[in-house]
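Notes for the one structure printed next.
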Protein chains: 4
Amino acid sequence: MHRFDDPKYRFDFSLIEKMSDTCSNWGKWGPDDEFGTLNYVGPEQRKHAATLVKKGKAMSVGLNFDDQGPQRGLFGGRWNPIHTMLATGTDAVQGKQKVPGKKYANQYADDAVSMPLQCGTQWDALGHVFNRGKMWNGYDATLVGSRGAEKNSIDKMKDKMFGRGILLDIARWAGVESLEDGTAIDSEDLDACAKAQGVEIRQGDFVLYRTGHMERCLKNKEWGGYAGGNAPGVSFHTCKWMHEKKIAAICADTWGCEVIPNETDDVFQPWHWIVIPQIGITMGEIFYMKDLADDCVEDKVYEFLFCAPPLPISRGVGSPINPMAVK
Amino acid sequence: MHRFDDPKYRFDFSLIEKMSDTCSNWGKWGPDDEFGTLNYVGPEQRKHAATLVKKGKAMSVGLNFDDQGPQRGLFGGRWNPIHTMLATGTDAVQGKQKVPGKKYANQYADDAVSMPLQCGTQWDALGHVFNRGKMWNGYDATLVGSRGAEKNSIDKMKDKMFGRGILLDIARWAGVESLEDGTAIDSEDLDACAKAQGVEIRQGDFVLYRTGHMERCLKNKEWGGYAGGNAPGVSFHTCKWMHEKKIAAICADTWGCEVIPNETDDVFQPWHWIVIPQIGITMGEIFYMKDLADDCVEDKVYEFLFCAPPLPISRGVGSPINPMAVK
Amino acid sequence: MHRFDDPKYRFDFSLIEKMSDTCSNWGKWGPDDEFGTLNYVGPEQRKHAATLVKKGKAMSVGLNFDDQGPQRGLFGGRWNPIHTMLATGTDAVQGKQKVPGKKYANQYADDAVSMPLQCGTQWDALGHVFNRGKMWNGYDATLVGSRGAEKNSIDKMKDKMFGRGILLDIARWAGVESLEDGTAIDSEDLDACAKAQGVEIRQGDFVLYRTGHMERCLKNKEWGGYAGGNAPGVSFHTCKWMHEKKIAAICADTWGCEVIPNETDDVFQPWHWIVIPQIGITMGEIFYMKDLADDCVEDKVYEFLFCAPPLPISRGVGSPINPMAVK
Amino acid sequence: MHRFDDPKYRFDFSLIEKMSDTCSNWGKWGPDDEFGTLNYVGPEQRKHAATLVKKGKAMSVGLNFDDQGPQRGLFGGRWNPIHTMLATGTDAVQGKQKVPGKKYANQYADDAVSMPLQCGTQWDALGHVFNRGKMWNGYDATLVGSRGAEKNSIDKMKDKMFGRGILLDIARWAGVESLEDGTAIDSEDLDACAKAQGVEIRQGDFVLYRTGHMERCLKNKEWGGYAGGNAPGVSFHTCKWMHEKKIAAICADTWGCEVIPNETDDVFQPWHWIVIPQIGITMGEIFYMKDLADDCVEDKVYEFLFCAPPLPISRGVGSPINPMAVK
């Protein structure tokens, strides 16, 4: 691990350009592909995932969706979920829910939500981030207009989010409650943590790593800059690792997976530029990992069946999710 | 099966009162329970569910969420999902996404949704329906006010929706593409269909039954009264079956599971009055079952791992979902 | 008046190009202007408008905003207003609105709305329509991105919508309840109607014209294609009239002011291309004119004080309004 | 003026009960009335209002609606307006807005807003506040359920908000930039300020009073507790003044008109309990008064034509507005 501002790791835009080539999977699964590295998950991976259910324990790896969420308007105008009731029990008991032609009024409650698709625990679709005008597999960024994404939308993944999950508990491995903001995790750290935990990273894995950032905020009852501000996270230089490991997806307990401040002054979130549009990895963010991590440290098993179906919002570039880990 | 207006099956409010007692599970899992029949799913059921993954095939049982959904304003003011873009690729390529202090503009897309929680494929929470002022486990209906459900909300189920699923393909068993609106399915039909399919209904099962209603609408490219109007579905008299089978959840490819018009003039959706508040069954609606049904008829296997995590919307009385069946 | 398909009036894109030049007011009020023809309304016009209040009668010229509005998804994904309650009297009477530290609970209701800014009675801002990549006064269309309009937004007009209004009751003048869809109103008709009504059109006027289209829909209790489909309205060839009369704004009881189908096959709503971006006229649509028209026919006075303040939504390209006519 | 905690002015619930009777206008305009004190505005008042337009200057008394508004989640879950684009110029210039059957693509922008009706400059409808289960004119509070207000909704006022406005610039009269939070304005202050300004308060007036609270927040670029927290405002004891003066409406540059903390421990906003449900006064809040106040101090004229039409949202209990003062 290193600090984001360690000169040894600083870089400029030319490295982004270079890594865009080095780590590109464009065309690997044909010119029409919209799945990216989810192609690494096949029947064998799914069958194997099911064998990981050994004690029959299911855990949610998602944060509740409500007005206590992390959004503070720091980035792009995202807001916390707005939950409104369309019908209530208080109405019901006062006979307000009459049904024409029926003798007795019904009694029910109904509700609605308005939320950014990336405001809480979520998948980023492959159409969420572009690199110099292009998105995953070389599709033009302009295919994502005001009516949504014509390519690489989240609904394409509707039956893909099922496989082997592994947890890399970086914070615990590093011996801290949570990594400090600005701490960059290296590829070596990911490998060493996996080794220490006795878990192997395999093709098609859904890799979750824990920095402790969310738990720090929850403990302090203050999100602060969690959504869009400084954070611990993976170094830009892990791009190659992400590419070579042939993982299906990468997920973190932070807002944006990668370290902030970034290791470059040239762009914001440089790792995103490579991982999503070039490698084609679906990214999971704002995962709540405490329960899962506590369970893993207890039974020493860091692999599990992972199932996190996105809402198939047509043309969407993200989706709120409630990921499940089952052991 | 019978027509909703078959005099032999007509009933009045007194039967609702009687069944409310006969089929009540209130207190069965203690006075504080908010899980209802999801209590029937334990470690054994989850471990068994995992063994059903035999060929490694994952299927979504959910409809896409978009403005082509079934809502037509027939009931309670529900609308189809409204998907709006907060940032676009067309903006990105024109350099509109500058980040203060960075040399190059970022390029990304972002989006939001506004939707009733019950507008598409969904879970009804136990706080969704009341029976004479009470909801599941005897909680007062007034606990569901304009700020949401203080009890029996959907977020309580966040790690519960994983287990053995079975499909009862009633339409195919009956030899039709889809059951006609107003056709009521009897308990005997459910049993006979299961037997014909060679699948046993067990405690803790997530039971999906298919009427063909949704596929009829999709084929005709016209939802018509799908959301709130007439439909095929289970008879009110199946309440007892639902209770005795100790199933975890019941799901259909219709808007409201039960037959409409109803078999009584006294209330709308009488089966709801018993199944949700008295038995404590979580109900799944508007499931898209074509792919799953096609697969089942092909491999003759009607059981599968079922995973359908709700969005844990705090105090919500429902949740949009993307249910997965894995075989 | 003529039919939209009368060969005598058909035209192609070259006329749009020509009229864009002929009718341009770009630069007329300086390179930084964002008011367009609202510049024609000054202190004299406002003082004169006030003198038109003679009998002290105020009338709304707006339609209610609710789920019974005209939107049917025909154009651009607009929906009818969604009104949701955040707090209710039914909650209140059950003591749900406790305030920390206070002995008695408060009792109140609160609500919210989600609506397209152009879904009902509305102003189009000058940033609403572009002509070959440019908007009013030559500003680039790309100044209107996903974060709204950097130029020509509706909030700029916040103190401008007050002046002399006149009604041209074209339908009544033509002796019909409502003009048929596809009927194009000519400049000569506007002049003749004004003359017949004894009202002079002056610089800085807010000109309202009535086709009877909305009233036809309300009478038939069926909006049909009102929002986006066929309609009566002004001919493309009135552009010159709009320009020369130096009016402040033009308003109609239809969805889009101009005749649909259009008199050209080359573009949709060609009149919009000229009137908004080139002349700089703010356009009012979906006005409810029955009460005003009934009053005018009764007292034979077709001029009035007109006040229709937009909601100053920052960077908005339209605004719902409740226009008032006071006589 | 006095501090909210001055023992001389403290009171308990019994005074609320007493004032509810003393200041009640229930039945005054018949049992079916839903206008309240707006009944005081008739043709004479409107004609007189028009005579106040002397220099032809129009001013907005409203705050812009955007994400920089005052809401901080302090009360009832209100949020700042969320403005989203449905179509953009950046899309347009890239030819994304093709129209079927047309040779050239259209070019336009479109947008939407989601907002609480009381999040910015607004009218409270008479159905917004209840007093012991009743609202204006004795209607039951339960008439306001999840589907909105069956009585006393804002759309009833659609043609009522036009008349004589007067400004009481209390802050300037008191010689301060803004009154301190917790400062209660007495009836004597209102009268003395009017006298000092040389303006008479008459039946049917729209009375605006300025505390400087909003301008303090705007100057400090920090809303803090503006929306729901402490504020200067009228004392509870002005209820009688509000009743006797027969004013049409009362409006302030604060979130809730009355002083906070309140002068009682028994309820929150006791003045609201009397003014809205008992007297039947429509209340205006979060008015932006700087421009108007600057103009008044300059020309020494504190009366003007006032026009503030609400959006006629069916069954709404409030409305965002852009009030206009014309002198």
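When the P(r) of segment D:126-266 is calculated, the portion above 25 Å amounts to 37% of the C-alpha pairs. The base-10 log of I(q)/I(0) for chain B, evaluated at q = 0.09, 0.10 Å⁻¹, reads -0.47, -0.58 [Debye formula, identical scatterers on Cα atoms, solvent excluded].
For segment B:254-299, place one equal point scatterer on every Cα, skip the solvent, and apply the Debye formula. What is log10 of I(q)/I(0) at q = 0.26 Å⁻¹? So the normalised log intensities work out to -0.93. For peptide D:54-61, the mean count of partner chain Cβ atoms within 10 Å of a residue's Cβ comes to 6. If only the Cβ of Lys and Arg carry +1 and only the Cβ of Asp and Glu carry -1, the dipole of the protein assembly as shown around its Cα centre is close to 0 debye.
Report, as a whole number in µm² per second, the diffusion coefficient that Stokes-Einstein gives for segment C:213-327 at 4 °C and 1.567 mPa s using the Kirkwood radius over alpha carbon pairs. After rounding, the answer is 83 µm²/s. In summary, segment B:167-237 shows an alpha-carbon radius of gyration equal to 1.15 times the 2.2 N^0.38 Å reference for compact globular proteins.
Annotation: cysteines of chain B without a disulfide-compatible partner (Cβ-Cβ under 4.7 angstrom) are B:Cys23, B:Cys119, B:Cys193, B:Cys217, B:Cys239, B:Cys251, B:Cys257, B:Cys296. Per residue of A:119-127, other chain Cβ atoms within 10 Å of the residue Cβ number 2 on average. Local charge for A:Phe306 was computed over the other residues whose Cβ lies under 12 Å away, with Lys and Arg +1 and Asp and Glu -1, and equals +2.
Overall size of segment D:12-125 from C-alpha positions, given as principal axis extents largest first: 69, 42, 33 Å. Remark: mean inter-chain Cβ contacts per residue of C:38-49 equal 3, using a 10 Å Cβ-Cβ cutoff to other protein chain atoms. Only Cα sites of the protein assembly as shown enter the Debye sum here, all with the same form factor; the resulting log10 I(q)/I(0) across q = 0.06, 0.07 1/Å is -0.55, -0.76, listed in q order. Straight-line reach from C:Lys221: which aspartates and glutamates fall under 14 Å, measuring Cα to Cα and dropping same-chain residues less than 8 apart? Answer for C:Lys221, where 14 Å is the Cα cut-off: C:Asp67, listed by chain and number.
Estimated from the Cβ-Cβ distance and a Förster radius of 41 angstrom, the FRET efficiency linking D:Asn220 and A:Lys195 is about 0.15.
No value in this document is a laboratory result; all are computed from the given coordinates. Predicted model only: the values in this text are computed from it and were never measured. In this analysis, Cβ positions are derived from the backbone assuming ideal geometry, glycine residues included, and neighbour counts consider all displayed protein chains.
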